[in-house]
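Below: one structure, written as structure tokens.
The values are calculated or read from the model by the stated rules, or taken from the named source; none is laboratory data. Values in this document were obtained by computation on a predicted structure and should not be read as measured data. FYI the Cβ positions are ideal-geometry reconstructions off the backbone, even for glycines, and counts take in every protein chain you see. Remember, those area values only see protein heavy atoms, side chains included, never the ligands or the DNA or RNA. Shrake-Rupley method; radii C 1.70, N 1.55, O 1.52, S 1.80 Å.
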Amino acid sequence: MSNTKLAPSQVAQRVQDDDAENVFLLDVRREDDYEEWQIPGSTNLPIYDDLLEYDFSTLEDRLDELPEDEKIAVVCVAGITSARAAEFLREHGYDAESIDNGMNGWGRVHRQYDIDAVNGVVQIVRPGTGCVSYLIHDGGEAVIVDPTQYIDEYLAAADERDLRIVGVADTHAHADHVSGARRLAGELDVPYYLNAEDAGELDRVTEIEDGDAIEVGNRALDVRHTPGHTPGSVSFEYGDALLSGDTLFLRSVGRPDLEDGSEDAVREAASLLFDSLGGLTDIDDGTVVLPGHFSDEGVRPLATELSELRAETTNELLSYVEDDDEEAFVETIVESLADEPANYNEIKQINWGREQPGDDVEALELGPNNCAAN
């Protein structure tokens, strides 16, 4: 079998960039797996079970559904079955490649974007899982906010810009991905910043609270305590930017049920979130909102002025805050909560320091991002 592979990072570029070369994305996994989590714009042709048994009859019967004048990128779970499918397609005259490591590889891709609207901010997006991190810098120094477990991505981003990382921060204790903040801070011997209410049993945490400032060069990240998604959630102001963590997204807000899912607890947390969002909407309208997650907002980077979020109707929950309608806000959240992030209880235990990550730590967080309230 020939070894013709397409790097997941190349796929991300083609999916997300307007000027990138087009590619037809063919997902051969089972329909249920595809419906749960897929690469945006991909087409599902569920022949996974056939190809596991080297049976190409289903694929052969459906060749007329595939483009003959476009590159085809085939994806499965780990890149093995898709390699067989891609070889079969090449034998039938198609320009086909297998996506290396399949959806596992897609989930680990990170992409960098300098935020033109704000000085000193690099957005690091993980398109396969919807996670967003930040490199904040000034005067040769940098602070990393909400890093994933793939800490080499942040070391490389700093090295590329000749920056010295002087601190690492989490906006909250994450439920959807294993934080790399403690390990990154430990390797560099720099402070790890986190609000005490989200610190669990962690040690060597530099606690931050409302009104604090994290220095970076000649500037600072100003801390705003914005509880609701978690008790210790914070947002950071950095000049004209607001790093809103999981408090405010571009199309939704953070779900308040991942600490305690009982209805009373969810209602109480939703009320806290309502107040937190009210505080954020009081800041300058020209502030650029930089969220901690995304769903399907399109081409990155993800940066929207607060005035636009307040004026648009795509964020229904924020419109309730604008109307000062707490009852509608809480009821909408309670009624619209979707499935929790995959393995979120185990991920939370790791991020609280109550469990050590095991051999499956990378696989724990693969799947759709479900941190939004609706």
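Of note:
Here is a yes/no grid of residues against (1) open to solvent by 30 Å² or more (accessible area, probe 1.4 Å); (2) in contact with a helix residue (DSSP H, G or I) (Cβ under 6 Å, 6 or more places away or on another chain); (3) more than 28 Å from Asn369 (Cβ to Cβ):
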| site | (1), (2), (3) |
| --- | --- |
| Pro8 | no, yes, no |
| Asp64 | yes, no, yes |
| Pro67 | no, no, yes |
| Val75 | no, yes, no |
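- Helices (runs of 4 or more DSSP H) enclosed by the stretch 288-367 - at least 2 residues per element that are of a type in the set (Asp, Glu): 316-322, 326-336
- Odd one out for Thr314 among (1) within 19 Å of His229 (Cβ to Cβ); (2) among the polar types (S, T, N, Q); (3) at pLDDT below 90: (1)
- Listed by position, the strands (runs of 3 or more DSSP E) inside the stretch 43-131 whose residues that are touching a Lys or Arg at 6+ places or on another chain (Cβ under 7 Å) number at least 1 are 96-99, 111-114, 121-126.
- Residues of the stretch 86-104 classified as surrounded by 24 or more Cβ atoms within 10 Å (Cβ to Cβ) and closer than 19 Å to Asp32 by Cβ, total: 1
- Taken together, the residues in the stretch 209-248 that are closer than 17 Å to His172 by Cβ and open to solvent by 10 Å² or more (accessible area, probe 1.4 Å) amount to 9.
- Meeting the requirement of 1 or more residues that are out of contact with any Cys (no Cβ under 8 Å at 6 or more places or on another chain) and closer than 18 Å to Val321 by Cβ, the strands (runs of 3 or more DSSP E) wholly within the stretch 162-281 are 219-225, 234-238, 241-245.
- Selection over the stretch 249-273 of residues that are surrounded by 21 or more Cβ atoms within 10 Å (Cβ to Cβ) and more than 23 Å from Gly200 (Cα to Cα) gives a count of 4.
- Taking the stretch 37-55 as the range and being under 26 Å from Val125 (Cα atoms) and modelled with pLDDT of 90 or more as the test, the residues that pass are Trp37, Gln38, Ile39, Ser42, Thr43, Asn44.
- Number of residues in the stretch 115-149 that are in contact (Cβ under 8 Å) with a residue 12 or more places away in the chain, open to solvent by 40 Å² or more (accessible area, probe 1.4 Å) and either aromatic (Phe, Trp, Tyr) or within 19 Å of Val289 (Cβ to Cβ) (or both) equals 2.
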